[in-house]
Structure formats: structure tokens, C-alpha cells
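Each reported figure results from applying straightforward, stated rules to the coordinates on display, with no laboratory input. Note that the structure is a prediction, hence the values are computed from the model and not measured. All Cβ positions, even for glycine, are placed from backbone atoms using ideal geometry, and neighbour counts span all protein chains on display.
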Amino acid sequence: MNRPVVPTSISRPAASYAHAVLTEGAGRILHTSGVVPIAADGSVPSGLADQAAVVWSNIAAMLADAQMSMADIVSVTTYVVVGEDLAPVMAARDAALGGHLAASTLVTVPALARPEWRMEIAVIAAGE
């Protein structure tokens, strides 16, 4: 139902993502808001890698509630505060997706809605 689109006439992606994902015959589509690094107990970790882990855990919970999985994600948009090391954010994405390729955009921004948030992610998932 969802398949990466990888034209041989353009350069390969710069990291572990698909240039595009084609969804055919989708029965259900889940759009998240920007998922922020607030843990279930209301805390926000200070480290960027820990924030990324919380965000992906929150995304996994939303997918499970919608009876979907990481394999249903077709698009990821990640926002990271300027000046942060992007490596832990990308590593968390790759670990969460477990080799599944989704279209992915990473944007650096001057700030997010709360000063303790150093990143947030929005995803789109499509399932049967």
C-alpha cells in the first residue's frame, strides 16, 4: 500500500529517508500535530537525544491508539532549534523507523512554542 518512490534519474537521499512515498488504496490516514517532548508524567528531558526518544515514544503511542505502526508512516517533518546537533535527532528517527523509509524533512527553527522544547515532529501515516 505504501512504497518508497526512488527515481534513478535523481540523486539518492542524503540520509535514511525516501524522496517520496506513494500511498495507494489508503483506508485510513493519520495526521499528527507537532509532537513535542513532554513525557507522560509531564516532564521534559533536558538532553536532545532524550527529547527525541520521548517524541518518538509519543508518536508510537498515537500510532498504536490508531491501530497503526511505524511502518504506516509516510511522511516525517522534524523541527529542531538552530544550533542543536542534528545527529541524535536523526539517529532517533532511524531507530524508531527501524529501516522503514518515509519521506522526511528536517527544518531548523529559531525557537519552538516553549523554550525547553528543542525539537518536535509531525508525521502522516496511511494504513488499510
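Quick look at the values:
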read-out	value
DSSP beta bridges in the chain [antiparallel fraction, %, rounded to 5]	65 percent
The chain, relative contact order [Cα under 8 Å, separation at least 6], %	39 percent
Around residue 78: net Lys/Arg minus Asp/Glu count, Cβ-Cβ under 9 Å	0
Dipole magnitude of the chain about its Cα centre (Cβ charges: Lys, Arg +1; Asp, Glu -1), debye to nearest 20	300 debye
Per-residue HN-Hα couplings for the range 12-25 [Karplus 6.51, -1.76, 1.60; θ = phi - 60°; Hz; x = Gly/Pro]	5, x, 6, 8, 7, 7, 9, 4, 7, 10, 9, 10, 10, x
Radius of gyration, Dmax [the chain; alpha carbons; angstrom]	14.6, 48
